[in-house]
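Let me begin by presenting the structure, written as structure tokens, before commenting on it.
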Amino acid sequence: MNSQHRRGFSVQQSDLMCKSGCGYYGNAVWQGHCSKCWREQNQCTRAKQIEEDRALAERLQREEEAAAYTSNQEGAPPQPAASRTHTVPMVKRLFTPAPKTPARRDAGAAQTPASQSSSLSREADHVTQTFIDFLKPFQRPGYDIFKQCHAFTENVARRKAVVCDDLSDSVQDFYQNMSEYLQTNLKGSPEVMETVMEEVERYVMGRLYEQLFCPEHSDDEKKDLLIRKRIRALHWVSIAMLCVPLDEQIPKVSDSVERAITDLINLDSKKVPKEKLACVTRCSKLILTAVQGCVKAAASADDFLPALVYIVLKANPPRLHSNIQYITRYCNPSRIMSGEDGYYFTNLCCAVAFIEKLDAQSLNLSQEDFELYMSGSASPSGPRASSSGHGSQNGSASSSSAPPPAPRTGERGPEEADLIEWSEGQELSVMGILDAAPVRTHASASSTIDSDNIGGDGLPPPLQPQKFSS
């Protein structure tokens, strides 16, 4: 296949790795860095910002105190005690992140149906009981693990209007501290340690899911709608345009594609980051299976990423941005920084980033055609799609041969010509029937009540009323 068809999809293994060169997978959310390097890089920046905010708060407080002192010296009446002490809470407010939108969670609590509240309570109790049952065999260390996890979830649940980055840092710090505690106090193999950490994540995220997923004070919901609208506008993108080596006419390939779409949609139904990652991994493996069923060889990265883009466009999964952010913020960092799950998740982030920036050049289209397709004024279906220079059969399309222009007013496309021809044929058929000899109708004779009695001639005459003399 011509290399120009692959532009926009050329992703090397090095492109997926952390920009710091630590050997872990990077992420577009962290500007190409892994979670560890990203936190270290921003630690100094955030500390500097905090110092600048503190200096600004102190300067504002001194200016307000100086203004109040000047007002008192000019003979103004003394202010009440409550008014004189309002400057101290102001400094605290400067360091308290305010929500971007009014908090509605508490306001709507009183209006929430009792059935919904009890359902959430039962679910939380089930998560807690499952975690306790898992920790019972560990005896004293298990009790300490539960105590720490319960205290952490209660502490986070009491926080109000905390920015997502701070919550993410708190969760990641807790994972790190818990991992160190297990290495010191829990006697077991690395597999046991990993299983315990998975259950810790399941308990913490199960208790805090409603608070951490797509929080009200973030812009996650807005970005979800933008991505969903963007994917809906790209519904016309075909396999040939993306140069995806998939043939959905093959039953096994079609089945793998449908199952991959199902797994990607099920991503939103899971609450634990590990379970969401498992959906991404299953979807990716089904895509690889479908590609291998068509090319009869091991699928390469150049085949996998375009196929993943096609599956995302076809599935248009709900709250895609929120789910990616949720995994990025609250998943155990070791799971997305390396290994199979980390590789597939990084490719999903690349696919979403590609969809957001997809343009005419990426699909080997002219800018005019791309804008027509995006606006819905034209469709690439029919002979037009096959001549537009996407994945051609001979594998070599001249870059100078532009696709034919879209049908303008006064010009008939193939679909319009077929419709007009069918309409004219129907009209001629109706006119032929009308021009034929008129249908002859025979006036029916007057019918009697017994006209429908066939063969009733041999029946006796009906009884007649008789009059008797008195």
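With r as the distance between the Cβ atoms of Ile265 and Asp133 and R0 = 30 Å, compute the FRET efficiency 1/(1 + (r/R0)^6) and round to 0.05.
According to the calculation, E is roughly 0.45.
Provide the per-residue ³J(HN,Hα) series for the range 260-274, in order, calculated from phi with Karplus coefficients 6.51, -1.76, 1.60 and θ = phi - 60°, each as a whole number of Hz, with x at glycine and proline positions.
These are the phi-based 3J(HN,Hα) values: 5, 4, 4, 5, 5, 5, 5, 3, 6, 8, 8, 10, 9, x, 4 Hz.
Rounded, prolate or oblate: pick one for the range 220-358, where a ≥ b ≥ c are the square roots of the eigenvalues of its C-alpha gyration tensor, a/c under 1.5 means rounded, and failing that, prolate if a/b is larger than b/c, else oblate.
It comes out oblate by the Cα gyration axes.
Note the full-extension length gain between Gln61 and Glu340 as 0.36 nm times their separation in residues minus their Cα-Cα distance, in nm to one decimal.
Going from the current span to full extension adds 95.1 nm.
Could you give the length gained by full extension between Glu371 and His150, i.e. 0.36 nm per residue of separation minus their alpha carbon distance, to one decimal place?
74.2 nm
Given points 7 Å out from each Cα along the Cα-Cβ axis, report the Glu356 to Asn72 separation in nanometres with one decimal.
5.3 nm
Would you mind pulling out the separation of the Cα centroids of the range 314-378 and the range 131-148, in Å?
40 Å
Compute the length gained on full extension between Lys285 and Ala124: take 0.36 nm times their separation in residues and subtract their Cα-Cα distance, giving the result in nm to one decimal.
Answer, rounded to one decimal: 54.7 nm.
No lab work stands behind these numbers, since they all come straight from the coordinates. What you are looking at is a predicted structure, and each value in this text was computed from that prediction instead of being measured. As a convention, Cβ positions derive from the backbone with ideal geometry for all residues, glycine included, and neighbour counts pool all protein chains shown.
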